[in-house]
Every structure is written in C-alpha cells, then in structure tokens.
Amino acid sequence: MGDVREGDELFDELGRPCRVMYATDVQLGRPCYVVRFDDGTEIVADADHRWVTWDHRYRKAQGRAVCPQSGPAIRTTVEIRATLMADHGRERNHSIPVARPLVLPDQALPIDPYALGVWLGDGSSATGEVTVHDDDAAEVLSALAGAGIAPSGPPRRQHGASCMTYPVGGKPFRRDAATGRMVENGSFHSQLRALGLLKNKHVPAPYLRGSIAQRTALLAGLLDTDGCVTRGGRVEFCSSKQTLSESVFELAASLGHKPTMAMGDATLYGRVVGKRWRVAWSARSQVFRLKRKAGLIREDRAQRNRATHRYIVAVEPTDSVPVRCITVDSPSHLYLAGRAMVPTHNTRTGAEWLHAEAMAGDERRYMAIIGKTPGDVRDVMVEGPSGVMAVAPPWERPEYIPSKRRLTWPTGATATVYSGANPEQTRGFGGDRAWCDELAAWRYPQETWDNLLFGMREAKLDAPKVCVTTTPKPMKLVKDILARCNTDPAWRVVTSSSYVNRYNLSPLFYDTVIAPLEGTTLGQQEIHAKILSDDPRALWHRETLDKNRVLQEPRLSRIVVGVDPAISATAKSDETGIVVAGVDGPVSLKQQGYVLDDQSGRYSPQEWGETAVRLYHRFKADAVVAEANQGGDMVEHTIRTIDPTVNVQKVHASQGKHKRFEPVAALDEQGRVHHVGMFGDLEDQMCTWIEGERMPSPDRADARAWALWELMLAHEADAPVVGVNFGGLVQSSPWRL
C-alpha cells in the first residue's frame, strides 16, 4: 500500500484491471487489527477500513425461495470483530467471496507455458530434460511436441524406476562463421538459459501475468508432473523450493481458487532432509490435462461455500502501522489486497477524501463543503450515514458547530459549509480544498463554481484540490469539467453505476425505484452515470433553456403555484409536481414568464398541500393552479384544510400531455420563459420526456405547464371556456387545452 500511486493499476473482485484515482497520504497512529482468514491469509487494516462480507444467515439462505435482506454489506474492521461469530458462537459469521480469475491479455512468452510448467515440475534444473512416469508419457510427450518441444534424443531409465528421462527441444548446434564461437540455436535448453532458469527454477514474472489460458496451461504443466489430487477433488502441489510453491499459490489465486500454503519437513525414507512447502486447494475448475488426474476433479461439489469464500476466523488488535486509503475506478469500488487477492473496499470518495485531507500533513487546511442547499449539506454531507462525521473514526472526528457552519478537526483544519443556492456566499471563501456534492443539482452552479475557484488561493505547499461527486447531468458546467478531464492529467473522472451500491441499500429500493428506470433514457443518467444528449423528438432542449436562463427575476405582476398532484402516496407513486412561476407585466406578446422554484417530490396529500401553501405565502402568490382530473374536489379540499384563505384554481386537462405542452414549449422557443437559476430535475424531465416512450410521468413539467398556461396563455380569446373555481366562486376562464 505504501508503494501505490495515483494512476497505478490494481484488480477488482471480478479480476478486471482498475486504476487508482486517489491515494491519501500515509497515516500514522491509527488503531490497527490483524484480520485472519481460514486459508491462513493475514491482512493488517485499521479499525475503520471497510470490507464487503457475507454473513452466516445470507450464506445459508442462498438457493432458498426466501432470502434474508441481510447479507453482503460494507462493514468496518471493528464491526466485523464485534460480530465475528454466529449461531451462538458455533459458526463463522463473515466471509468474503473468492475473486474471479484475473483478466489479462496474452503475453509474448518465449516458451509454451504448459511446456515450462512440465519442466518446472519434473525437469532437470541444469538441462532441457524432463522426467515422466511411464503411465503419463504418451500424453505429456504429445503435448510437448504440440508446443514445438519434441523429444530430441534417446531416453534413459534409472535402475528399477517407473519413469524415463527425455531430452526435449534439442536442435543442432550452430557456429558463427566469423568468430567460430557457438551461438544460441533456439533449443529448449538455450531458451531456459535466456530466462535465467537453469539451476534457478522459478516462474518468470511475465508468466504470472499472462492471459487466463496461458496461466491455466502453466499451472496444468506444474500439476500434471508434480501435483496430485484426492478423490474428493482436493489438489496439492509440494516442492522443496519456496519460491516455486509461492508461484503456484499465486497462479491458483489468480485463477479464482482459494489456495493455502504450509511449510513442513521434507523426509526421505523416514529421515528429515530439509523443508518443503505444500500448496493445496479444492479445485473450482479443471486444473489438469492428464486424464487420470482430471477425472478426479469435482467442480460441482458439496460445501461449495468452503471453496468459494474466505471465512474470517479472527480480528485481533496489533501494533499500529502506517496505513492509507485509496479510491479505485472499479464499478464495485473493490480492489484485491495481498498475495491471496482478497477483495476489499475503497473509500466513500467525497467524505473520505475531505477527512483524509484534513488529517494530512503539518499545514493547516482551510476547506469548503458545498451542497445543493444548507439542509442537504447538513443532513447528507456532514451528519448523513456517509457524511464526514460518520466516516471519521472517534479519535479523529471533527467538532461540528452548525451555528458557525464550521467543522474543526484535531489537526486544526477547518471546513466551512456553503450552499449552491447562494453563490455570493462562496465569495468569502479562501482555502485550498473543497468537496462539492451534487453540483449538477445546484441552483446556481456556474456562479458558485466560479466564486469557489477564485477563493482557492491559500495552498502554500501544493496545488489546490476539489472533489466533485455528482450525477452527470448534461449541463454546460458538467460538460466543461468532463472535457477538462479528457485533456488535463491533473483533472480526473470516475464513473459508476447504482448497482454497485446494492450492498448498502434495501432490495425494495431496487425493485421500486431503480427497476422502473432501467431501459429508459433517464435511467442511463440516473443509474449508469451516462451524459444524456438532447433528443430531437423532445419539446424542450437544454440549449434553449440555457439561453433563456437568468440569475434574478424582475418585479413581477402576478405569481402562481402550479400543482400536478399524484393519485397515490406509496413508494411506487408518481411525484407531485409543484412549480412556482410569475410574469413581469400586463398581457402582451412581450410579456415574459419566470420559473421561480421547483419543490416537486413524492408526497402524501397532506405533505404536498402543506408545501403548496408554504410556497403560496412565501412568494405572495395570487393563486394555486391545480390539475383536478385525478383528484377532483380532493385537491381543493386538501389545500383549504390547511389554509382556507388560499385562492385555488382547478383546471381539467382535455387533451394529452404532448398537445398540452406544445404551446408552452413554443413560449420557451420564443425566448419568453426564463428559469431563475437551474432546476436540474425539472429540466431533465422536460428535455427527456417523449410521448409514447416508457418513462416516469412528467409531473414537474406538468406543474410548470399549468402555471405558465394560467399566466401567459389563458387570456387568448379564441380558446374554449372551462369552469374554474376561485375561492368557492365559479367564474369563467378561457383555456386552450
């Protein structure tokens, strides 16, 4: 871990290469533990390091009709220690699935890997000869010949032995015509010499990082000649050379097996003659080529969890050692640690990064924490389950003073809380570190970002750093940042999918929230972190919205709150659209409309009613305009129950949404509707909704349309008349619906 640098490649639990995107400074003095596994692997980790483990109940329930929701979850070292045993102390509680085979490209290897394995297992260390049992000679020699290393001389047999020694891969000697000296002739012997293997048996590094097929062939050659297998499918390799046994261990681990290695006495005729190292595992896949050995492998064996999981058997305190946190770009945020390649978890990027920066070095840090609103910063970034207070261990936890909007770490580092809804606030920031969460959802993203960068001037020892964690919405600022990441090595981007966080979230969340979005355009953004591009079939386009956007509305002559109520209040319900809009003057073709706020969400009737009434009074609105097709008198009743003084207008849609949206979209195209700041969720809905496509109901866009209809289009004289209820008095109002 001390050698890992940003940009280095590691592997994830699926065996795929992943890149180190961030590595903290080395941290000293943290409480540390030795985590011991049932295969003998030991890893030293600090108390707050995270692992993804399966618990006892979840393992036992696999394959059953009903599976408990507990199971694979991110757990810290100390949490694992506290729940080490299950079933009243009779069962190991935590296990980690064995990593998949490492996925690597073919290497240009000078010697066929199977042939090299045969020589490493039963070859003469000083020459290009191999010793083969009579029962296996036909198969092994045929495989060697297929690799271009055929027998090249008469074999010899030691007295009474049941095996023969074969010279292989020999070629005629060549002499240089100019010097008269013998030159390399491409023989098997000369290839071994070129690799430095003669009298020095080991597996060269390129062979350990060959493709899956190359590593499988190498392991098969070693095991066909110097390995054995029990009838239960347990494979063993034994050697008096420690380095060779370690290479077999690494080969097996890199191919998705769970090997163990133990040292013991090597005996000959009952007499100890030295040490030997034995590598053993229960094979999960075929590892032999010899038919007599391959036939004993049982891939579908009982107690399969024992072969596919490493069980944590102990978590014991140990002396503190230097530790680091890293962030990798694997989709699961897992990377493999140790020679046994144990999957372990990286940081919760934003909060972990900020905490690590606060604790690093001797220089006092002045930092900023910026979120969508002050409430979001407090509830998510500071006090949330993945916030700064939660990720910091007790002995490093900062003091949080909400009244001062400030966190102070034991090192003296401070972080001040700011909001993307108030860009002027960040003008006063002066520091060298900032964490920006959900930047694409900020009300004033560009202005807040610009003011933040102007304040990043206090770095004395190194360059300022900013960590942005956000859904990649197709706004100009996000696109500018991503473009910079593609051209400037100091700027980096990591993307991930919602599915990698399944360990932390309820299955119900995926069934009710994620599943309905899968396969939709919006799902590509929200689930898979894809940047959406405008669909020419959509009525609105981001370029138009950006062109019309303003930072401040003028004096408005009329304001309304548009409401599109949901018909139910469950986890699967549509949102209730609640949008505030106003106009700047008398009815005319020059009249300009302004979208002032979007407070849409998934509410109960009481909640959306209270939200609409609160906005009505906050903006001193003239009316609440609510669609009554689904709710009828319930809409008016809900609002009047909360406040009978509110002026309620009920409107009925007589045409489909697309027809209803077209006249409002035309106002946007004419440059007559302006968003005051940015409303990310509303704008996403407007620019991605296509009539007839499978996607969530556009409730925010509907509420916006109702508000702008009332303000800018209801006056048209050629429109039909519908009944509208003003505070209990029935009047007429022209609408083109």
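Side notes on the structure shown:
- Segments 238-245, 115-122, 312-319, 45-52 sorted - mean Cβ within 10 Å per residue, highest first: 115-122, 45-52, 238-245, 312-319
- Close amide-amide hydrogen proximity is noted between Gly601 and Thr576, Ile578, each under 5 Å apart and 5 or more residues distant or on a separate chain (H modeled in the peptide plane; Pro and chain starts excluded).
- Think of region 226-323 as a dipole: +1 on every Lys or Arg Cβ, -1 on every Asp or Glu Cβ, centred on the Cα centre; then among Val229, Leu244, Leu296, Leu296 lies furthest on the positive end.
- The dipole here belongs to the chain: it is taken about the Cα centre, uses +1 on the Cβ of Lys and Arg and -1 on the Cβ of Asp and Glu, and is about 2780 debye.
- Identified option (computed Cα extents along the principal axes in Å; candidates [x] 112, 53, 46; [y] 72, 69, 61; [z] 116, 71, 55): [z]
- For the peptides 273-285, 392-404, 701-713, the ranking by mean Cβ contacts within 10 Å, running from highest to lowest, is 701-713, 273-285, 392-404.
- Integer Hz, Karplus 6.51/-1.76/1.60 couplings in order for region 7-23, x for Gly and Pro: x, 5, 9, 10, 10, 9, 5, 8, x, 8, x, 9, 10, 6, 8, 7, 9
- Where both bridge residues fall in the chain, DSSP classifies roughly 75% of the beta bridges as antiparallel.
- Estimated 222 nm signal from helices in the chain, with DSSP H stretches of n ≥ 4 weighted -39500 (n - 2.57), rounded to 500: -7000 deg cm²/dmol
- Filter on Lys547/Lys659; Lys171/Lys293; Lys372/Lys547; Lys404/Lys465; Lys404/Lys530; Lys372/Lys657 - keep pairs with C-alpha separation over 27 Å: Lys171/Lys293; Lys404/Lys530; Lys372/Lys657
- The alpha carbons of region 21-148 stretch over 56, 47, 27 Å along the principal axes, in descending order.
- Angle between the chain longest axis and helix 657-669 axis [Cα atoms, degrees, rounded to 10]: 80
- For region 264-336 and region 211-248, distance of Cα centres in Å: 12
- Taking the convex hull of the alpha carbon positions in region 85-202 and averaging its projected area over all directions gives 13.5 nm².
- Between Asp39 and Tyr311, the built amide H atoms are under 5 Å apart, and every one of these is 5 or more places off in sequence or on another chain.
- For Ser330, the residues whose amide H sits under 5 Å from its own are Arg19, ignoring neighbours fewer than 5 places away on the same chain, with H placed 1.01 Å from N.
Each reported figure results from applying straightforward, stated rules to the coordinates on display, with no laboratory input. None of the values given here were measured: they were computed from a predicted structure. Positions of Cβ are generated from backbone atoms using ideal geometry, with glycine treated the same way; all protein chains shown enter the neighbour counts.
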